[in-house]
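**Student:** I am attaching a structure below and will ask some questions about it afterwards.
We did not get these values from a lab; they are worked out from the coordinates using the rules stated. Small disclaimer: the values here were computed from a predicted structure and weren't measured. Methodologically, a virtual Cβ is constructed for each residue, glycine included, from the backbone with ideal geometry; neighbour enumeration extends over all protein chains shown.
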Amino acid sequence: MLTVFLVLFTACILTHPALSLHYAALGLTLWAKNMVPALFPFLVLSSVMVGMGLTEKASMVVYPVLSPLFRVRKNVCYGMLLGFLCGFPMGAKVTAQLLEKGKITPGEGAYLLAFCNNIGPVYFLSFVLPLLGRNRTAPYLFGMYGIPLLYGLLLRYTACRDLSAGDPLPPPRPQLQVCASQGSRLLEELDSAIHSAAQSMVTLGGYMVLFNLLNLIPQVLTGRPVPLLAPLLEITGGLGMLRDTRPLYSLLAVSFGGLSCMAQTYSCIRSTGLSMRRYVFHRLFLLGLTGIFYFLWFLLVPESFLR
């Protein structure tokens, strides 16, 4: 089946070069205009902070609030903070960085990955809601971020209640005291962070081009575009095709993230030992919870539904 699919994909590209160019250019344009400027600085800064051991200090912004509720350590709070604020796939990338540097345990990494890898609020408020023509903000913010946060709280007291009893952390690396050495270390971490971020951005761009290009197959087979399938492949290009015609479907697709987001997450965590199957399970479970939220909104306050 895989061979048939790849042969069909290749044949569609060869027989419809103009259409192939259109979809590939769409993915490349979205990557250059949206992903690179929005994500590259966060990738570099987060890598530097993890490498320099500054994550615990940075997490103090939210630690006094999150610690009593979630009963997690400061580095886990840092992963939650960046995962919710900086946008997908920073949640997966930061989790992988913290795990590889020995800042969190594998159990804590799996916990973070379950609910902290979401579409960023800047993207959601500046692109998704205006594209869908929605006037209200609070209900959609709760559906996009409140539900994952509550899900993380639920996991902490159920499946992840023994999180603190996980693998012990390695001893912290001693901090350098000499200013010149600290400056040299900062430059080394910055150079390493830029190289790592550039490699990650190129990989993410490749996924965006590829999954946008997959829209070619249903269009060739049916003779017309299939907008409903597009957000499940690549979320940004798919939303652009649907626009405001299916707002509820688009909101649920954003909550799920699409196959491109799944592939990008795998790219971030593949060397960490974290389970991709568990991540997909949690995304599907969150999708179901989001669907229940919108269903209850429709039942309880129908006059304001999707306004």
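**Student:** For Gln199 and Phe285, calculate 0.36 nm times their separation in residues minus their Cα-Cα distance, and state this gained length in nm to one decimal.
**Tutor:** Using 0.36 nm per residue and subtracting the Cα-Cα distance, I get 27.8 nm.
**Student:** With angles folded into 0 to 90 degrees, how steeply does helix 17-30 sit against the dominant principal axis of the chain? Use alpha carbons for both and round to 10.
**Tutor:** 30
**Student:** While we're on this one: For a quick check, take a GNM of the chain with Cα springs below 10 Å and name the residue from Gly257, Gly152, Gly102 with the largest mean-square fluctuation.
**Tutor:** Comparing Gly257, Gly152, Gly102 in the GNM, the peak value goes to Gly102.
**Student:** Next up: Starting from the Cα coordinates of segment 185-307, work out the convex hull volume and express it per residue in Å³.
**Tutor:** With only Cα atoms used, segment 185-307 gives 157 Å³ per residue.
**Student:** Within 12 Å, Cβ to Cβ, of Met276, how many net charges do the neighbouring residues add up to if Lys/Arg are +1 and Asp/Glu are -1?
**Tutor:** So the surrounding residues net to +4.
**Student:** Counting only pairs 8 or more places apart or on different chains, how many lysine pairs in the chain have C-alpha atoms closer than 22 Å?
**Tutor:** 10
**Student:** Give, rounded to the nearest 20 debye, the magnitude of the charge dipole that the chain has about its Cα centre when Lys and Arg contribute +1 at Cβ and Asp and Glu contribute -1 at Cβ.
**Tutor:** 400
**Student:** Which angle between 0 and 90 degrees, to the nearest 10, do you get for helix 2-15 versus the longest principal axis of the chain when only C-alpha atoms count?
**Tutor:** Between the helix axis and the principal axis of the chain, the angle is about 60 degrees.
**Student:** Picking from Leu210, Val94, Val61, whose Cα lies most toward the positive end of the charge dipole for the chain (charges on Cβ: Lys, Arg +1; Asp, Glu -1)?
**Tutor:** Val61
**Student:** Once the Cβ-Cβ distance between Arg71 and Leu28 is put in as r, and R0 is 30 Å, what FRET efficiency do you end up with, to the nearest 0.05? Walk me through the numbers on the way to the answer.
**Tutor:** Numbers: r = 44 Å, r/R0 = 1.47.
That pair, Arg71 with Leu28, gives E of 0.10.
**Student:** Another question about this same structure. Taking Cα atoms, how many degrees apart are the long axis of helix 276-300 and the longest axis of the chain, rounded to 10 and kept between 0 and 90?
**Tutor:** 70
**Student:** Once the piece of chain linking Ser275 and Ser126 is laid out straight, how much longer is it, given 0.36 nm per residue of separation minus the C-alpha distance between them?
**Tutor:** Gain on stretching Ser275 to Ser126: 50.4 nm.
**Student:** Separate question: Could you size up the charge dipole of segment 186-295 around its Cα centre, putting +1 on the beta carbon of Lys and Arg and -1 on that of Asp and Glu, and report it in debye to the nearest 20?
**Tutor:** Charge dipole of segment 186-295: 560 debye, to the nearest 20.
**Student:** While we're here: Using the Kirkwood radius over Cα pairs, work out the Stokes-Einstein diffusion coefficient for segment 1-98 at 25 °C and 0.890 mPa s, in µm²/s as a whole number.
**Tutor:** Details: Rh = 16.3 Å.
My calculation gives 150 µm²/s for D.
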